[in-house]
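The values are calculated or read from the model by the stated rules, or taken from the named source; none is laboratory data. Keep in mind the model is a prediction, meaning the values are calculated, not measured. Note: ideal-geometry Cβ built from the backbone for every residue, glycine included; neighbour counts use all protein chains shown.
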Amino acid sequence: MRKIPIFSTIVAVAAAAVMVMLGFWQLGRADEKEAMIVASLAAAQQPDPLPWAEAVQLGEAAQYRLTTLPCERVLEMRAVAGRNASGQSGYAHSAICEVAEAGQAEAALGWSREPNGYSWDGGDVTGMITLTGPVELRVTASEPPSDLQPLAQPDPTDLPNNHLAYAGQWFFFAITALVIYWLAIRRRWRDEAKAAGAASQQ
């Protein structure tokens with residue numbers, strides 16, 4: 001009579017069950033991310049700028065809304081790789097600003113071909129809010145200073161939503177684990193049958 005090892009079977013089935021649960025969790029995350037993208041697209045279509053104090057209070061919920069960042073003092077200038085509104089590669093110039101309501105915020109000012117030599121004294125920056133900068137809030141200027149070109153504006157459709165693919169991977173892992181375990185059991189049965197046949201011939 002073929003015997004199924006109880007302990008190893010429980011472990012294999014439990015592991016597969018955990019993988020399936022993770023797959024369904026990723027499906028839920030995919031729905032949440034899709035809802036966030038839809039909400040972000042709606043926010044980007046709002047024509048009225050959000051007051052800066054309200055943007056600070058809303059935090060993540062203020063993403064992709066227009067606002068005016070009051071940069072009271074420039075703490076640091078930065079230049080990182082970036083693209084302009086035409087998609088050309090170059091350098092995005094930004095300022096880490098001191099602001100009363102948020103402590104610090106980043107003003108993404110504009111684009112140039114060269115990384116060095118740009119300075120800015122502060123002031124109001126009107127543009128779209130994101131939370132992707134080195135500090136909590138970032139505003140990408142809609143109209144850059146006269147000596148810079150416009151940066152590529154944040155686009156909610158660029159938000160990654162890979163959760164469906166992750167869910168598929170977890171389901172695939174679960175099926176693969178069960179198939180491998182089943183093949184191992186069958187091989188064990190064949191080995192036992194051969195051993196029993198050899199013993200009966202002696």
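Sort through Glu106, Glu76 and tell me the only one that's out of contact with any Asp or Glu (no Cβ under 7 Å at 6 or more places or on another chain), more than 30 Å from Gly168 (Cα to Cα), surrounded by 17 or more Cβ atoms within 10 Å (Cβ to Cβ) and not assigned by TED's automatic domain parsing to the domain that holds Ile175.
Glu106
Scan Ala30, Ala81, Ala61, Ala42 and give me the residue that is without any contact (Cβ under 8 Å) to a residue 12 or more places away in the chain and outside the structural domain of Pro145 (by TED's automatic domain parsing).
Sole residue among the options that is without any contact (Cβ under 8 Å) to a residue 12 or more places away in the chain and outside the structural domain of Pro145 (by TED's automatic domain parsing): Ala42.
If you check every pair at least six apart or on different chains, which have Cβ atoms under 8 Å apart with a residue in the stretch 91-111 that is farther than 11 Å from Leu148 by Cβ first and a residue that is surrounded by 24 or more Cβ atoms within 10 Å (Cβ to Cβ) and among the charged types (D, E, K, R) second?
Ala95/Glu106; Ile96/Glu106; Cys97/Glu106
Inside the stretch 54-115, counting only strands (runs of 3 or more DSSP E) that do not spill past its ends, which hold 3 or more residues that are touching a helix residue (DSSP H, G or I) at 6+ places or on another chain (Cβ under 7 Å)?
66-71
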